Amino acid sequence: MSRKRLLQLFQMHEKYLDLSNWPIVNKLLLNQDDLKLYERRELAVSLYMEQKLTNKEIFEAAGINEKEITRLIKRCLMWDKDTNIIWGFRALIPQKRTTNYQRKAQTSVDLNINTIEDHAKKLPGAFSKLMDDYPAIKEKISKAHLRKIGSGKEPQFVRGKDIHSYFIELCKKEGLGERDYPLNTSDRGKRSLYRYFKTNEFNHFAAAASLYGSEASRNAKKINSNNFEFTTPLLVRPYQRVQFDGHRIDAFFTITYKTPEGDWVTDTIERIWLLVIIDVATRVIIGYHLSFNKEYTQYDVLKCIKNAIVPYSKRVLFIDGLVYHESGGFPSEVIPQAEWALWDELSCDNAKANLSLMVRDRLYHVVDCRINPGPAGVPEFRGIIERFFRTFENRGFHNLISTTGSHPNDPIRKEPERAAKRYEISLEDLEELTDVLISDYNGTPHKGINNFSPLELMKQRIELRNMSPRTLEPFKRKDILFFSLQQKRNIRGNVKNGKRPFIHYEGVDYRSTVLSNSPFLIGIELTLVINTEDLRVIRAFLSDGSEFGYLTASGKWGVSPHSLVERKAINKLRNDGKISFTQYQNPVVVYHEFIKKKSLKSKRYRNRHAEVLRKTKEEERRQLEIQESEHVIERKVRENNQSSTQSSSLKQNEVNLKPLKTFNY
């Protein structure tokens, strides 16, 4: 039989005509007798596949006839399902089994055999034959072992003996009796069933690994269905891919506030979330955000994204002895090309906050990047940021007296809440420590990047290797773009009732002088661009895209800055009857007083109160910056006026003091 005929018979690729593509054998591992037989077979098969000698010459050289050679070549060309390649020269190893044993004889009791023990000796392969003859039993036993729920009401078992009882019931339902296998054996197929469990685990590796805990399940998911490991391509360019994740800090902190009665109280809050964005190529932390919420929200994710893009500025530190390391910092602070830098791909987990419509919209339209959520429940696919969190805790908060440790039984955990209250480890301390720790991390040599510091490596690749990232367009560099939301509302109003035109959004009316004096617009639809961080003012656009102007919240709603989350919380509490306010009361102040009162007994409300205090400080800081900028402008105007007055007076003096010209004739 020709070589091509053999390939056609087994439907093999022509590349297997070349013996260099066949799997080989390590001859040093064979004993002398097996080695001699193997070498004769290898010589005969090689000469036959080359087709340079006749069958008689091959027989004289190797001592194997044509029929045997054809049988050996057929074994070599058989497909090995375990290695996903042909058997090749491996099939020539003496006593090598290339197929599993398949029983052909019957498994019922032979009347000529007197005892069950004698009968059991003559049942090799009986269990495999039973599984092949009754695939329904095989499927149900496999599901029972892997604890999978089928389409019907199938029972779940944990112990092997319970699955064995279920197995016997299935056999009886299929009509098998005492004369049939496995009922005709002493253990009723129990040992064979247990051996099948091992085979079933190998065939369903990921599903079986989940029976042994979450860690084993995650490790098993590192390999996909095609048995190829998920690998990350080598990334060199900064901002090519970044990883985002949240981590609950392993320490307790306190908040100090004044009660409605005027007393100062210091108490612990729920643990804080640290949200981080890290560059994969250089390991640089490009931005972070501390979330005081019980679970971080889409707005926290947007704040972290904003902090990673907007140029960074150092904090003023108040903890004695705490200083920034000179080599540390953030890329947007020390590398000019990294100011307002954007990334190409963001890798994150499948948390709802990460994949919310608002976050995806901002990433698409502002950052212009891809989102790679990755497989669920496998943090190893974001191993870089997971490793950072462990390093961050070991270098930082695990050294605090209020640390919770990495787990409840960690020996470094010693009454963390009590320690936090005793030493008044505040949220301000947390913010300063976090900023310094991350800044110093960026300037510390890293083994994973050849002992460069992350900042050094990014600076080298951007400045020396010309790998500058994309940057945000100037017209997009406003906070409102990160937290903006578009909604459509119809203009309301009624001439009969004398109600001038207005817009209603989230329980509040919005007006402006232009809108109030435009009753002909009643019923017209406006597109509202809403800054979800401050709902006092909303920007409106007509249907053709032209700007209509700014609308202000009516009453006290337009006085205090408040976010969309706070507006919804206030409306919910009011609808539930937990708070009430009149048109003369500021609803934001009423809400803050409610939170302050609840903070005496609830950690969750203390976290909310902490967020309120942080926003208040940020607003005060912003107002100071505005005032300072206004003072600078006023000073420059005065200086310009003074200089212009002085210059004009000097010019006048120059005119007055100008000497008379004399002429000589």
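The values are calculated or read from the model by the stated rules, or taken from the named source; none is laboratory data. Quick caveat: nothing in here was measured; it's all calculated off a predicted structure. Positions of Cβ are backbone-derived with ideal geometry, glycine not excepted, and every protein chain shown enters the neighbour counts.
If you filter region 589-618 down to residues that are free of Cβ contacts under 8 Å to residues at least 24 places away in the same chain and in contact with a His (Cβ under 7 Å, 6 or more places away or on another chain), you find that the one that is farthest from V565 (Cα to Cα) is I595.
Condition test on S580, is it under 39 Å from the mean Cα position of the chain (by Cα) and assigned to a loop (DSSP other than H, G, I, E, B)? No; evaluated as a whole, the condition is false for this residue.
Any residue that is within 17 Å of W87 (Cβ to Cβ), in a loop (DSSP other than H, G, I, E, B), at pLDDT 85 or above and β-branched (V, I, T) - is there at least one of those in region 35-51? Give the steps one after another, and end with the answer.
Of region 35-51, the ones within 17 Å of W87 (Cβ to Cβ) are 37-38, 41-42, 44-46, 48-49.
If we keep only those that are in a loop (DSSP other than H, G, I, E, B) as well, we get none.
No, there is no match, as no residue in region 35-51 is within 17 Å of W87 (Cβ to Cβ), in a loop (DSSP other than H, G, I, E, B), at pLDDT 85 or above and β-branched (V, I, T).
Of the residues in region 522-530, not one is free of Cβ contacts under 8 Å to residues at least 40 places away in the same chain, out of contact with any strand residue (DSSP E or B) (no Cβ under 8 Å at 6 or more places or on another chain) and not assigned by TED's automatic domain parsing to the domain that holds D344. May I ask you to verify whether V323 is modelled with pLDDT of 90 or more, more than 24 Å from M467 (Cβ to Cβ) and part of a helix (DSSP H, G or I)? Answer is no for this residue.
Taken as a whole, the condition of being in a helix (DSSP H, G or I), closer than 23 Å to L193 by Cβ and at pLDDT below 75 does not apply to D132.
The number of residues in region 275-313 that are touching a residue at least 60 places away in the same chain (Cβ under 8 Å), part of a loop (DSSP other than H, G, I, E, B) and among the charged types (D, E, K, R) comes to 2. When region 392-450 is filtered for residues that are more than 21 Å from S291 (Cβ to Cβ), of a type in the set (D, E, K, R) and more than 25 Å from the chain's Cα centre (by Cα), the ones remaining, listed by number, are D410, R413, K414, E415, R418, K421, R422, E424.
Is it the case, given these coordinates, that T434 is crowded, with 16+ Cβ neighbours inside 10 Å and part of a helix (DSSP H, G or I)? For T434, the condition - crowded, with 16+ Cβ neighbours inside 10 Å and part of a helix (DSSP H, G or I) - is met. Screening S543 with (1) at pLDDT 90 or above; (2) in a loop (DSSP other than H, G, I, E, B) gives one miss only, at (1).
Name the single residue, out of those in region 594-631 being among the polar types (S, T, N, Q) and part of a helix (DSSP H, G or I), that is modelled with the highest pLDDT. So, considering only residues that are among the polar types (S, T, N, Q) and part of a helix (DSSP H, G or I), the one modelled with the highest pLDDT is N607. Once region 243-263 is narrowed to residues that are among the aliphatic types (A, V, I, L, M) and in a strand (DSSP E or B), the residue that is surrounded by the most Cβ atoms within 10 Å (Cβ to Cβ) is A251.
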